[in-house]
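Written below as structure tokens is the structure these notes are about.
The values are calculated or read from the model by the stated rules, or taken from the named source; none is laboratory data. On a predicted model such as this, the values are computed, not experimentally measured, just so you know. So basically every Cβ, Gly included, is an ideal-geometry build from the backbone, and we count neighbours across all protein chains shown.
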Amino acid sequence: MTSAPDQSVCWEITQFLYREALALDERRFRDWLKMLADDIRYEIPVRVTREGLADWELAPTSRILDEDRQTLEVRVRRLETDFAWAEQPPSRTRHFVTNVIVDATGTPDEYLVNSNVLIYRSRGADPDPDLYSLFRKDVVRRGEHGWLLAKRWAALDQSLVNAHNMSIFI
């Protein structure tokens, strides 16, 4: 069992995750980019439906997304143009972040943060929203001006994503 940091650090990191979710929900993607470390790794593995005693449910090598700072910046730049067709009309999202558990990593000012997330997404006048339920393992580190997301690994609970695209940020 890993050791938990003091309560003030846990509170700060939880508030950081809430503020990150708010930036995404308000489509303040430039502000969101400022919350990411330069060496960010952002990945979502493919969930595989397997028989009985399968060795794995998440594909060891296949990814829905596997991004770094550069590719995330490209996605944000594209969202700022008229060429982000997957986001026409733009998604309205609400990120519900819960069950936040913060553990020390052994590296000073760097923490492993587990959380559960439910994302509600609606678009245009479509009466049928998309729901994404997922488990996240983040690495958060203290930067010069506050907390930064250094790694996001997120596993969707569903193996078939019942949405037209995955153009939102998890």
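Total residues in region 1-27 satisfying the condition of being in contact with a helix residue (DSSP H, G or I) (Cβ under 9 Å, 6 or more places away or on another chain), farther than 13 Å from VAL140 by Cβ and in a loop (DSSP other than H, G, I, E, B): the figure is 2.
Yes or no: region 89-99 includes at least one residue that is of a type outside the set (A, V, I, L, M), at pLDDT below 90 and out of contact with any Lys or Arg (no Cβ under 6 Å at 6 or more places or on another chain). Taking every residue of region 89-99 in turn, at least one turns out to be of a type outside the set (A, V, I, L, M), at pLDDT below 90 and out of contact with any Lys or Arg (no Cβ under 6 Å at 6 or more places or on another chain). Taking ASP130 as the residue in question, decide whether it is at negative phi and in contact with a Phe, Trp or Tyr (Cβ under 9 Å, 6 or more places away or on another chain). Against the criterion (at negative phi and in contact with a Phe, Trp or Tyr (Cβ under 9 Å, 6 or more places away or on another chain)), ASP130 qualifies. Considering only residues of region 153-167 that are surrounded by 15 or more Cβ atoms within 10 Å (Cβ to Cβ) and in a loop (DSSP other than H, G, I, E, B), which is modelled with the lowest pLDDT? Ranking the candidates gives ALA163 first.
Of all the numbered requirements in (1) touching a helix residue (DSSP H, G or I) at 6+ places or on another chain (Cβ under 9 Å); (2) at pLDDT below 95; (3) exposed (fewer than 11 other Cβ atoms within 10 Å of the Cβ); (4) of a type in the set (D, E, K, R), ARG75 misses one, and that requirement is (3). Whether a residue is closer than 25 Å to ALA86 by Cβ and not in a strand (DSSP E or B) was assessed, and LEU149 does not pass this test.
Listed by first and then second residue, the pairs with beta-carbon distance under 7 Å, at least 6 apart or on different chains, first residue in region 16-27 and surrounded by fewer than 16 Cβ atoms within 10 Å (Cβ to Cβ), second of a type in the set (A, V, I, L, M, F, W, C) and at pLDDT 95 or above, are TYR18/VAL97.
You will find that of ILE170, ILE101, ILE119, the residue that is part of a loop (DSSP other than H, G, I, E, B) and not small (Gly, Ala, Ser) is ILE170 and no other. So which residues in region 130-170 are of a type in the set (Lys, Arg) and over 13 Å from LEU17 (Cβ atoms), if there are any at all? If the condition is that a residue be of a type in the set (Lys, Arg) and over 13 Å from LEU17 (Cβ atoms), then ARG141, ARG142, LYS151 are the ones that fit. Please count how many residues of region 67-98 are in a helix (DSSP H, G or I) and under 25 Å from LYS137 (Cβ atoms). Qualifying residue count for the region: 8. Screening VAL100, VAL46 for residues that are touching a Cys at 6+ places or on another chain (Cβ under 8 Å) and within 17 Å of ALA155 (Cα to Cα) leaves exactly one candidate, VAL100.
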